[in-house]
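Take this structure first; my questions come after.
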């Protein structure tokens, strides 16, 4: 069965604790109540795509444990087909998240079962991702798997969206498959092998040039998300790098907002929307998500996002596209 969007990626249980600030070395802090929420970049992206109206599925590995069952249930509830999730020996992936009052977070991921998503296991469900309109990949699974899947899917005519996170250098042969490559400011520089230590100090114009460099290196199209500066889009109908502004909203929790953005872009591309307009819609999806706690738990359905867009049509703001 051909689907709009298939994600080959990670699935984690998020253990979230609200803290007054990030702890220093050797320091113990008292935090709020522990929350157990569904997460993982791949699962988040699939859930966001489904919430936006896409017929979405996911290929991911989870353990034969309560956490794996929890993730299957939560994804099914979001409208994602979980029939291609793979049970493996070992623990389901886990992310430990410290959430500060400004809505920012610090995250430590224990990959667990996600590390078992090798090429052989991904190939078990090749019919799902080679037959989809849009394939979404990120790098919380083995990079060799992601890059192999991208190459085979592209050869079958599937549009490949690569969210190159965590940051890593991307070989030209993989860049050429990306339509788009979605990265934040640090990941954008890492994709080209640049030093990322001073990335936060660069201006929007620098990222417009960087988007151009990524296209010159082979990427079919590029989206760089820039926090308060919005996003830069190159290719996909935007041959000159185009800035898309974000929305001014109160931020409660940024966890998973970038994944909401990626899933929403994939949904819109599968519907035939051009890349700039897909990014505009995705910016609204992520703006809604940061006003709530959690990743998948914060994702709105399409009707709510469209109501948000309509309500702000006469007074657009510009801040905080998630990284």
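The values are calculated or read from the model by the stated rules, or taken from the named source; none is laboratory data. Worth saying up front: this structure is predicted, and the values here are computed from it rather than measured. In this analysis, Cβ positions are derived from the backbone assuming ideal geometry, glycine residues included, and neighbour counts consider all displayed protein chains.
Need pairs with beta-carbon distance below 8 Å; first residue in contact (Cβ under 8 Å) with a residue 12 or more places away in the chain and at positive phi and within segment 80-95, second assigned to a loop (DSSP other than H, G, I, E, B) and surrounded by fewer than 21 Cβ atoms within 10 Å (Cβ to Cβ); sequence gap 6+ or separate chains.
Pairs that qualify, where the first residue is in contact (Cβ under 8 Å) with a residue 12 or more places away in the chain and at positive phi and the partner is assigned to a loop (DSSP other than H, G, I, E, B) and surrounded by fewer than 21 Cβ atoms within 10 Å (Cβ to Cβ): there are none.
Still on this structure: For segment 126-142: of the residues being touching a helix residue (DSSP H, G or I) at 6+ places or on another chain (Cβ under 6 Å) and over 22 Å from residue 111 (Cβ atoms), which is surrounded by the most Cβ atoms within 10 Å (Cβ to Cβ)?
134
Here is a yes/no grid of residues against (1) buried (at least 20 other Cβ atoms within 10 Å of the Cβ); (2) closer than 26 Å to residue 4 by Cα; (3) out of contact with any strand residue (DSSP E or B) (no Cβ under 9 Å at 6 or more places or on another chain):
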| residue | (1), (2), (3) |
| --- | --- |
| 235 | yes, yes, no |
| 241 | yes, no, no |
| 244 | yes, yes, no |
| 249 | no, no, yes |
| 254 | yes, no, no |
| 257 | yes, yes, no |
| 270 | yes, yes, no |
| 274 | no, yes, no |
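Which of (1) at pLDDT 95 or above; (2) in a helix (DSSP H, G or I); (3) under 24 Å from residue 227 (Cβ atoms) is the odd one out, the single condition residue 154 does not satisfy?
Evaluating residue 154 over (1) at pLDDT 95 or above; (2) in a helix (DSSP H, G or I); (3) under 24 Å from residue 227 (Cβ atoms) leaves (3) as the failure.
Let me ask another. For the list (1) at pLDDT 95 or above; (2) crowded, with 20+ Cβ neighbours inside 10 Å; (3) out of contact with any helix residue (DSSP H, G or I) (no Cβ under 6 Å at 6 or more places or on another chain), I need the number of the one condition that residue 95 fails.
(1)
For residue 54, are the conditions met, namely being under 22 Å from the mean Cα position of the chain (by Cα), in a loop (DSSP other than H, G, I, E, B), crowded, with 24+ Cβ neighbours inside 10 Å and touching a residue at least 40 places away in the same chain (Cβ under 8 Å)?
yes
I've got another one for you. Sort through 225, 254, 197 and tell me the only one that's closer than 27 Å to residue 147 by Cβ and at pLDDT below 90. Reasoning before the result, please.
Numbers: 225 fails: at pLDDT below 90; 254 fails: closer than 27 Å to residue 147 by Cβ.
Answer to the selection: 197.
Among the residues of segment 226-285, how many are farther than 21 Å from residue 40 by Cα, in contact (Cβ under 8 Å) with a residue 24 or more places away in the chain and in a strand (DSSP E or B)?
Of the residues in that region, 10 qualify.
Before we move on, is residue 79 modelled with pLDDT of 95 or more, within 17 Å of residue 146 (Cβ to Cβ) and surrounded by 14 or more Cβ atoms within 10 Å (Cβ to Cβ)? Walk me through how you get there before you give the answer.
Details: modelled with pLDDT of 95 or more: yes; within 17 Å of residue 146 (Cβ to Cβ): no; surrounded by 14 or more Cβ atoms within 10 Å (Cβ to Cβ): yes.
Judged against the criteria, residue 79 is not a match.
Which one is farthest from the chain's Cα centre (by Cα) among residues in segment 95-135 that are more than 29 Å from residue 249 (Cβ to Cβ) and assigned to a strand (DSSP E or B)?
This residue is 110.
So, one more: Within segment 192-212, identify whether any single residue is touching a residue at least 40 places away in the same chain (Cβ under 8 Å) and either in contact with a helix residue (DSSP H, G or I) (Cβ under 8 Å, 6 or more places away or on another chain) or within 28 Å of residue 54 (Cβ to Cβ) (or both), and answer yes or no. Steps first, please.
Our first condition is that a residue be touching a residue at least 40 places away in the same chain (Cβ under 8 Å); within segment 192-212, this holds for none.
No, segment 192-212 contains no residue that is touching a residue at least 40 places away in the same chain (Cβ under 8 Å) and either in contact with a helix residue (DSSP H, G or I) (Cβ under 8 Å, 6 or more places away or on another chain) or within 28 Å of residue 54 (Cβ to Cβ) (or both).
Hey, any hits in segment 183-191 for a residue that's assigned to a helix (DSSP H, G or I), surrounded by fewer than 19 Cβ atoms within 10 Å (Cβ to Cβ) and within 18 Å of the chain's Cα centre (by Cα)?
Yes.
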